[in-house]
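Presented below is the structure to which this report refers.
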Amino acid sequence: MNDARNRRAEKRPVGGAIQHLKLKLGLLLLVSALPLFGSLSMWLQGISLLPLAAYGIVSLLAFFLYWADKRKARVDAWRTPENILHAVELAGGWPGALIAQQVFRHKTRKVSFQILFWVIVLLHQVFWIDQLFLGSSLLTVLQQ
């Protein structure tokens, strides 16, 4: 197990640089645009500061959970359960999780994890499309 880990470490770019940084920053900006615009709009209209604060605070929490989990993975210690990571992403921490995945190169190769992660990102996009452009009509239909 350590041999495989050492071989992966040898393949990393010097200094742990993020590969395709411009592309990944562009993707982050693209998927963050609706939630940022929506939560800023809610705050500026005096509706609520909660979404904006939650995205920031929970993203920091997600980032540090990924950091801690990566450290634990390197020393074969008890790991953070994936359902905890996904719950934090769902609560608004997906931007911090996305950044952490790239910075720490953690959870980027596990396909099942990535599928659920991107479903969570998509749910946030759909929520904000509904809020901003459809007058919460999707949520109204779901409540009936």
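Brief remarks on what is shown
- The modelled label-to-label distance between ARG109 and SER136, using points 7 Å beyond Cα along the C-beta direction, is 4.5 nm.
- FRET E, pair SER48, ALA87, Förster distance 22 Å, beta-carbon r, rounded to 0.05: 0.55
- Residues LEU29, LEU134, LEU98 in ascending order of nearby Cβ atoms (within 10 Å, fewest first): LEU29, LEU134, LEU98.
- Residue-averaged 222 nm ellipticity for the chain, from DSSP H runs of 4+ at -39500 (n - 2.57), nearest 500: -24500 deg cm²/dmol
- Whole-number percent relative contact order across segment 52-144, with pairs defined as alpha carbons under 8 Å at least 6 apart: 29 percent
- Extended-chain gain in nm, criterion 0.36 nm per residue less alpha-carbon gap, SER41 and THR80: 10.6 nm
- Proxy reagent accessibility, fewest Cβ within 10 Å first, across ASP76, ASP130, ASP69: ASP76, ASP130, ASP69
- Legend: ranking of residues ILE99, ILE57 from fewest to most surrounding C-beta atoms inside 10 Å; resulting order ILE57, ILE99.
- Distance from the Cα centroid of segment 112-142 to that of segment 15-91 is 16 Å (rounded to whole angstrom).
Taken together, the values in this text are just the output of simple stated rules run on the coordinates, not laboratory data. Just so you know, these numbers come straight off a predicted model, no measurement behind them. Don't worry about glycine lacking a Cβ; one is built from the backbone with ideal geometry, like all the others, and counts go over all protein chains shown.
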